[in-house]
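A short write-up of the structure that comes next.
The values are calculated or read from the model by the stated rules, or taken from the named source; none is laboratory data. The model shown is predicted, which means the values in this text are computed figures rather than measured ones. Here the Cβ positions follow ideal geometry from the backbone for every residue, glycine too, while neighbour counts run over all protein chains shown. For the accessible areas, the whole protein counts, side chains as well, though only heavy atoms, and no ligand, DNA or RNA atoms are used. Shrake-Rupley method; radii C 1.70, N 1.55, O 1.52, S 1.80 Å.
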Amino acid sequence: MIAGTRGSRLALVQTNHVIEMLSEVCKDKIEKKIIKTKGDRIRDSQLYSMDSRGLFTRELDMAVLNEEVDLAVHSLKDVPSDLDPDLAIAAVPPRESPAEVLVSRLDWEDLPPGSKLGTSSLRREAFCNHHQKNFKMEPLRGNIDTRIRKVMDGEVHATIMAEAGLKRLGLEEHIKRRFPLEYFTPAAGQGALAVITRADSELISSIGRITHHPSLQEVTAEKTLLRELGAGCQCPLGVIGRATGNQLTLYAVLLTREGEMLRKVTIRGPLAEAEDIGKKAAKEMEDYI
Ligand SMILES: NCc1[nH]cc(CCC(=O)O)c1CC(=O)O
């Protein structure tokens, strides 16, 4: 079996983690193959909403489709909600923290208006505006280590990142503060991984054994909401599903880029009906786009 991966430190850590989990359920030896993607090469442009178009994932997916590799490990939030029908999410392992964190020398309350916030995410920009921070937004690209370095070097005063990425890289020391999920709501799928195979792969059932079902249901509800809102949704959307026992609570916030709240919904239901919960949330939000 060959696992395709991007070459970034985060991608390699994530792939190694999945290979380790898979080695406990499959007997095949798994090798790694590094694939360069467009998202790794374009370092200057803004990234707004490009995640949904598979900037980081397409070339790796192509390598899966043309049988160059058998599987690929992606951050689930980078996987387009309308995945190529010839591909399948074979597994969703236990989710890491979905939370957003502040990386900064100064704490959140101490960052004055006009501080430079490095981000290429419309959602993060919108949440800062929603909390009336009056930051000056600066595009910030590059891998996680690079972004942290730019904060430490003073190129920008602060940035907002996924806690999951920092934890996986052992960079928790740079976390100034973790935001509550309702205060700074993450992107669909944040903190989760997806193992992608060809839709007709014989490996699907064995790979599927590393799936953590509550994590799968959480991200299913989140990604369903995103998919249902569809291309018409250019607005920043924060969404988080949380499983507790047999229940799933889906919370979603739609903002304008300027931080105005368009709509906020909470839908609760049985964990097994994650897709329905996502669809219900979409129904309640779609008129506000
Ligand atoms: N958009 C890039 C991206 N894709 C996945 C992660 C972090 C890990 C995760 O969310 O699972 C990041 C970096 C970030 O947003 O800070």
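Please enumerate the residues belonging to region 6-58 that are open to solvent by less than 50 Å² (accessible area, probe 1.4 Å), more than 13 Å from the ligand (Cβ to nearest atom) and either of a type in the set (Gly, Ala, Ser) or at pLDDT below 95 (or both).
If the condition is that a residue be open to solvent by less than 50 Å² (accessible area, probe 1.4 Å), more than 13 Å from the ligand (Cβ to nearest atom) and either of a type in the set (Gly, Ala, Ser) or at pLDDT below 95 (or both), then 7, 25, 26, 35, 45 are the ones that fit.
Using the structure shown, decide if residue 94 is open to solvent by 10 Å² or more (accessible area, probe 1.4 Å), part of a loop (DSSP other than H, G, I, E, B) and more than 16 Å from the ligand (Cβ to nearest atom). Walk me through it before giving the result.
Working: open to solvent by 10 Å² or more (accessible area, probe 1.4 Å): yes; part of a loop (DSSP other than H, G, I, E, B): yes; more than 16 Å from the ligand (Cβ to nearest atom): no.
Answer is no for this residue.
Within region 162-218, can you find the residues that are away from the ligand (no atom under 14 Å from the Cβ) and open to solvent by less than 10 Å² (accessible area, probe 1.4 Å)?
196, 197, 207, listed by residue number.
If we scan region 257-274, do we find a residue that is in a loop (DSSP other than H, G, I, E, B) and surrounded by 15 or more Cβ atoms within 10 Å (Cβ to Cβ)? Even if it seems obvious, please write down each step before you answer.
Pass one, region 257-274, residues in a loop (DSSP other than H, G, I, E, B): 257-260.
From what is left, the residues that are surrounded by 15 or more Cβ atoms within 10 Å (Cβ to Cβ) are 257, 259.
Checked against the condition, which is being in a loop (DSSP other than H, G, I, E, B) and surrounded by 15 or more Cβ atoms within 10 Å (Cβ to Cβ), region 257-274 yields at least one hit.
List the pairs whose first member sits in region 159-185 and is on the phi > 0 side of the Ramachandran plot and at pLDDT below 95, whose second member is within 13 Å of the ligand (Cβ to nearest atom) and open to solvent by less than 10 Å² (accessible area, probe 1.4 Å), and whose Cβ atoms are under 9 Å apart, counting only residues at least 6 apart or on separate chains?
none
Among the residues of region 219-230, which ones are open to solvent by 20 Å² or more (accessible area, probe 1.4 Å) and either modelled with pLDDT of 95 or more or at negative phi (or both)?
To start, the set of residues in region 219-230 that are open to solvent by 20 Å² or more (accessible area, probe 1.4 Å) comprises 220, 223, 226-228, 230.
The answer is 220, 223, 226, 227, 228.
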